[in-house]
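The values are calculated or read from the model by the stated rules, or taken from the named source; none is laboratory data. Owing to the predicted nature of the structure, the values given are computational and were not obtained by experimental measurement. FYI the Cβ positions are ideal-geometry reconstructions off the backbone, even for glycines, and counts take in every protein chain you see. Areas reflect the complete protein model, heavy atoms only, side chains present, ligands, DNA and RNA absent. Shrake-Rupley method; radii C 1.70, N 1.55, O 1.52, S 1.80 Å.
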Amino acid sequence: FKGGVGRTTTTAMTGLTLAREGKRVIIIDLDLEAPGIEGYFFGPEDSSGTSAAGIVDYLLEHALLGADYAPDMNDFVLPYSDAAIAASGGSLLVVSAGSLDDTYMERLGRINLADIGRQRGDKNPLRALIQDLVRWRPADIVLVDCRTGFTDLGGVTLNGLSNLDVLVFRGGEADRRYLPLVLQNIQRLRQPPVRTPQVVEQLAASAQALGTQLDG
């Protein structure tokens, strides 16, 4: 429910660790309001850390062209490697939110995020993006960095697109109060459900107990 809890750092370091273990990893920056996960891998003066396009551009073009949209995925990915990744045979591709120039906020404002969150199955442009990526470059795991809570983008990630949802939080009062509702939404949007109401209650209770321990 707030920034600064370590979500992006967790995503970046998880992707890096998996790639160094030989996995083919794709990291997608879906934190469109506060993007920049590529900064964990590329310095500010590193031209290889800037892509021609990003998530914002993909969503805009997909809205215009639909199923006819056939982008060059080279424009969207930032390949990253180091000695450990090269030695393991793994790979790491970063898909940025988009070029953070003077037009970024205008481009972001043209996207109907709520509408994207309501689209299910193959009609969802984010599912189409992931499918385009893995067809172009097969991956063992795709990590999506995104805010949760009750934002439009949070709804997108909670609509059954993922195989696993990882919630990063501090266990403070706000988290303990609202985590059960987030878990209920994850349960409701899964098709078919993979969590029972009883499991949701157990998860919420365990989070509350953890928060109490941290407070103590």
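When GLY49 is tested against (1) surrounded by 13 or more Cβ atoms within 10 Å (Cβ to Cβ); (2) closer than 17 Å to LEU133 by Cα, just one condition goes unmet, and that condition is (2). The numbered conditions (1) open to solvent by 10 Å² or more (accessible area, probe 1.4 Å); (2) at pLDDT 90 or above; (3) under 22 Å from PHE42 (Cβ atoms) are all true for ASP101 except (2).
Entry remark, region 89-105: residues being free of Cβ contacts under 8 Å to residues at least 60 places away in the same chain and assigned to a loop (DSSP other than H, G, I, E, B) number 4 in total. Residue by residue through region 1-46, note down the ones that are assigned to a loop (DSSP other than H, G, I, E, B), open to solvent by 30 Å² or more (accessible area, probe 1.4 Å) and closer than 19 Å to ARG137 by Cβ. Passing the criteria: GLU21, LYS23. Among residues of region 161-175 that are of a type in the set (Lys, Arg), those with a beta-carbon under 8 Å from a residue that is open to solvent by 50 Å² or more (accessible area, probe 1.4 Å) at least six positions away or on a different chain give the pairs ARG170/LEU214. Of all residue pairs spaced 6 or more apart or on separate chains, those with beta-carbon atoms under 8 Å, a first member in region 121-148 that is free of Cβ contacts under 8 Å to residues at least 40 places away in the same chain and a second member that is open to solvent by 30 Å² or more (accessible area, probe 1.4 Å) and among the aliphatic types (A, V, I, L, M) are ASN124/LEU161; ARG127/LEU161. Restricting attention to region 111-157, the residues that are at pLDDT 85 or above and part of a loop (DSSP other than H, G, I, E, B) add up to 5. For region 66-113, residues that are out of contact with any Asp or Glu (no Cβ under 6 Å at 6 or more places or on another chain), aromatic (Phe, Trp, Tyr) and farther than 21 Å from ARG20 by Cβ total 2.
Looking only at residues in region 160-198 that are modelled with pLDDT of 65 or more and β-branched (Val, Ile, Thr), the one that is least open to solvent (accessible area, probe 1.4 Å) is VAL182. Restricting attention to region 60-96, the residues that are over 23 Å from GLY15 (Cα atoms) and at pLDDT 90 or above total 3. All conditions but one from (1) of a type in the set (Gly, Ala, Ser); (2) free of Cβ contacts under 8 Å to residues at least 60 places away in the same chain; (3) surrounded by 11 or more Cβ atoms within 10 Å (Cβ to Cβ) apply to GLY109; the one that does not is (3).
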